Amino acid sequence: MKPTIKTIASQPSWSVRSRTVELAVTQLGAHMAPVKFYRNTTRPVQPYYINPWHGGNLKIDDPVLVPLRGDFFCMPFGENTTPFRREKHVCHGGPATRKWTFRSLEKRGRVTTFTLGMKTRIRPGNITSTIHLVDGHNVVYTRHLLEGYTGAAPLGHHAILAVPEAEGSLLVATSSFNFGMTSPVVVGDPKSGGYQSLALGRKFTSLRRVRLLWKDEP
């Protein structure tokens with residue numbers, strides 16, 4: 001089988017669906033969006049954000065901002081201004097900013113499996129990205145297999161959600177974690193048109209209590 005290829009919000013994307021979920025993955029950076037859950041109902045759910053500047057004439061210096069949308073795999077999560085062991089990575093690394101290669105699309109029983117691959121350059125190795133959709137499940141099951149790598153690297157999935165204005169519209173749930181900390185540096189500076197709410201470099205053990213910039217209580 002081969003996936004449908006569509007241009008969505010200025011990015012060529014693979015389109016895959018099950019009976020309950022339909023999703024798109026950009027060829028550049030493998031950013032996953034839009035994703036439509038309960039797709040055959042009168043009230044489908046599309047929780048992911050797509051950047052509003054696509055297709056414009058803006059000069060974008062950060063390559064991850066070109067396809068920016070949905071959810072994508074980062075390696076490394078972040079970037080380094082000073083080379084580490086002769087490695088200099090762009091923000092969120094090659095997996096989030098370079099083109100992926102289609103490997104396979106197959107359906108066995110209720111399970112649709114979509115597989116992509118990438119051979120990274122700055123730190124040589126291979127990444128296999130697998131998405132599973134199960135008929136009847138309004139869930140996207142993802143896995144990234146890393147092969148041939150040596151050395152430490154921070155990894156991350158970068159989910160960008162389109163949060164409604166109404167309070168209580170979103171519930172974030174995670175498994176337990178050993179360490180949580182807000183960004184130690186400013187990530188949203190009003191001087192450059194951004195903003196942020198979270199305090200800098202503050203540790204937390206639960207998503208119920210994370211300190212903000214303008215007051216200690218959440």
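The values are calculated or read from the model by the stated rules, or taken from the named source; none is laboratory data. Just so we're clear, the structure is a prediction, and the values are computed from it rather than from any experiment. Backbone-built Cβ (ideal geometry, glycine too); neighbour counts: all protein chains shown.
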Residue satisfying all of: in segment 24-60; over 12 Å from the mean Cα position of the chain (by Cα) and of a type in the set (Phe, Trp, Tyr); farthest from LEU170 (Cα to Cα) among these: TRP53
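Answer with yes or no whether THR97 is within 17 Å of GLY29 (Cα to Cα), touching a residue at least 24 places away in the same chain (Cβ under 8 Å) and polar (S, T, N, Q).
On the way: within 17 Å of GLY29 (Cα to Cα): yes; touching a residue at least 24 places away in the same chain (Cβ under 8 Å): yes; polar (S, T, N, Q): yes.
Yes.
ASP189: under 30 Å from THR4 (Cα atoms) and among the acidic types (Asp, Glu), yes or no? Before you say what the answer is, go through the steps one by one.
Details: under 30 Å from THR4 (Cα atoms): no; among the acidic types (Asp, Glu): yes.
Here the answer is no, as ASP189 does not meet what is asked.
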Of those in segment 94-106 that are outside any loop (DSSP other than H, G, I, E, B) and among the hydrophobic types (A, V, I, L, M, F, W, C), the residue nearest to SER18 (Cα to Cα) is LEU105
Of all residues in segment 107-144 being basic (Lys, Arg) and in a loop (DSSP other than H, G, I, E, B), which is farthest from HIS89 (Cα to Cα)? ARG110
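For HIS54, are the conditions met, namely being outside any strand (DSSP E or B), under 22 Å from PRO164 (Cα atoms), assigned by TED's automatic domain parsing to the domain that holds LEU155 and at pLDDT below 95?
Details: outside any strand (DSSP E or B): yes; under 22 Å from PRO164 (Cα atoms): yes; assigned by TED's automatic domain parsing to the domain that holds LEU155: yes; at pLDDT below 95: yes.
Criteria met by HIS54.
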Which of the residues belonging to segment 173-205 are farther than 30 Å from LEU58 by Cβ and exposed (fewer than 10 other Cβ atoms within 10 Å of the Cβ)? ALA173, THR174, SER175, SER176, ASN178, PHE179
From the option list PRO47, PRO76, single residue qualifying as at pLDDT below 95 and crowded, with 20+ Cβ neighbours inside 10 Å is PRO76
